[in-house]
Amino acid sequence: MTFVTILNSYKMYKNNVIIEDIDSDGKKDILFGSYEDDDADFSGNVWRFDNKGNVVWKRHVGHKVYFGGKLHQNHFRVWQICVVDLDQNGQNEIIQIAFHFPEEPVCIHISDVYGKLIAEYWHVGQFNVVDFLDINNDGVDEILLGGQNNEYRNAVLAILDYRLLQGCSPQTPTSEFYPDSLASGTEMFYLRFPKTKFQKPGPTYRDKILTIKKRKNGITAVVTNQYPNKNWSYPVTAGLICYDLNKKMELISDPWFGDTYKSLLIDHFGFEPEPDDYQRILYWDGNNWIDKPTVNRRWKKLKEK
């Protein structure tokens, strides 16, 4: 199989094709991840092609997994591929993010340029945003993932140290979302943001991170909701609530609000947003949710070894 063969019969997605010199040999490479709702065998694969279109390697993201006693079949769709030198050693890492069909979980593979798996992480709920930033100033970029957790229906931010990464997002052990055979996750940070005032009833509509804006000493996380309008008749994806966080994930100012959110609250409820209603970010400490900024103790334990 060559890249041309796939190209002639497949609809391309903007985030799952990379064309660049990934191993610094002076020649362009092609990374392609398949995203297909109707073909589980084809979907979820990542190929590396050389500059002539020949296969260098192929790997699959995801596998059969049980959550809450329910089997999730091996049908994953590669949504995004990123090529980044996370540890600044001159050799790139490849981040591959794949969504399960039809809903959850998400599987994230991190490999080297030769296709060797470095780390795998699972998450209950999709990620909409991925970025990179050295959070603890050790010279290695962490992976910043913003999205939603399908159990809690909150917007969430996961910060991952790829060198110590394993397991799955924090879920309630008695819920249908709890992973039966995956270890507890070793995220550096995992944040749950307060819910917006607009959330359509039902399990499929959730808050999510719309964007992550990097700043010199931290980030701004922008939370939105899929349907922040009274009649739930159409989706609105405008930025609603903005959180300024330093690198310790401390809230450094009151949450501030987009004009869309202000006008929606006034129109539908007759009041403007109050910052105090949105202060209580929850942090996963490895065992419990707490309301003070903290790292995951499971990550910290591995870091101290």
Kindly indicate whether Gly146 is in a strand (DSSP E or B), closer than 30 Å to Arg206 by Cα, small (Gly, Ala, Ser) and in contact with a Ser or Thr (Cβ under 9 Å, 6 or more places away or on another chain).
yes
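Can you say whether Gln73 is touching a Gly at 6+ places or on another chain (Cβ under 8 Å) and surrounded by fewer than 19 Cβ atoms within 10 Å (Cβ to Cβ), as far as the supplied structure shows? Write out each step before concluding.
Details: touching a Gly at 6+ places or on another chain (Cβ under 8 Å): no; surrounded by fewer than 19 Cβ atoms within 10 Å (Cβ to Cβ): yes.
For Gln73, the condition - touching a Gly at 6+ places or on another chain (Cβ under 8 Å) and surrounded by fewer than 19 Cβ atoms within 10 Å (Cβ to Cβ) - is not met.
Rundown of residues vs (1) over 19 Å from Ile281 (Cβ atoms); (2) buried (at least 24 other Cβ atoms within 10 Å of the Cβ), yes/no style:
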{"site": "Gly146", "(1), (2)": "no, yes"}
{"site": "Tyr152", "(1), (2)": "no, no"}
{"site": "Ala155", "(1), (2)": "no, yes"}
{"site": "Ile159", "(1), (2)": "no, no"}
{"site": "Tyr162", "(1), (2)": "yes, no"}
{"site": "Ser169", "(1), (2)": "no, yes"}
{"site": "Tyr178", "(1), (2)": "yes, no"}
Across segment 270-286, what is the total count of residues that are at negative phi and under 21 Å from the mean Cα position of the chain (by Cα)?
5
Checking Ser184 against (1) among the hydroxyl-bearing types (Ser, Thr, Tyr); (2) out of contact with any helix residue (DSSP H, G or I) (no Cβ under 9 Å at 6 or more places or on another chain); (3) over 22 Å from Val223 (Cβ atoms), which test does it fail?
(2)
Of the residues in segment 106-131, those that are over 10 Å from the mean Cα position of the chain (by Cα) and surrounded by fewer than 18 Cβ atoms within 10 Å (Cβ to Cβ) number 6
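Any residue in segment 44-60 that is acidic (Asp, Glu) and more than 17 Å from the chain's Cα centre (by Cα)?
Of all residues in segment 44-60, those acidic (Asp, Glu) come to 50.
Now narrow it down to the ones that are more than 17 Å from the chain's Cα centre (by Cα): 50.
Yes.
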Taking segment 36-80 and keeping residues closer than 27 Å to Pro173 by Cα, assigned to a loop (DSSP other than H, G, I, E, B) and free of Cβ contacts under 8 Å to residues at least 60 places away in the same chain leaves Val61, Gly62, His63, Lys64, Gln73, Asn74, His75
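If I filter segment 104-121 for residues that are assigned to a loop (DSSP other than H, G, I, E, B) and closer than 30 Å to Tyr152 by Cβ, do I get at least one hit? Spell out how you get there, then give the answer.
Step one: list which residues in segment 104-121 are assigned to a loop (DSSP other than H, G, I, E, B), which gives 104-105, 113-116.
Checking which are closer than 30 Å to Tyr152 by Cβ leaves us with 104-105.
Yes.
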Cross-chain or 6+ apart pairs with Cβ under 7 Å, segment 282-298 first and in a loop (DSSP other than H, G, I, E, B) and of a type in the set (Val, Ile, Thr), then surrounded by 11 or more Cβ atoms within 10 Å (Cβ to Cβ) and modelled with pLDDT of 95 or more:
Thr294/Tyr283; Thr294/Asp285; Val295/Met188; Val295/Phe189
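The values are calculated or read from the model by the stated rules, or taken from the named source; none is laboratory data. Predicted, not measured: the structure shown is a model, and the values here were computed from it. Glycine gets a Cβ as well: all are built from the backbone with ideal geometry, and neighbour counts include every protein chain shown.
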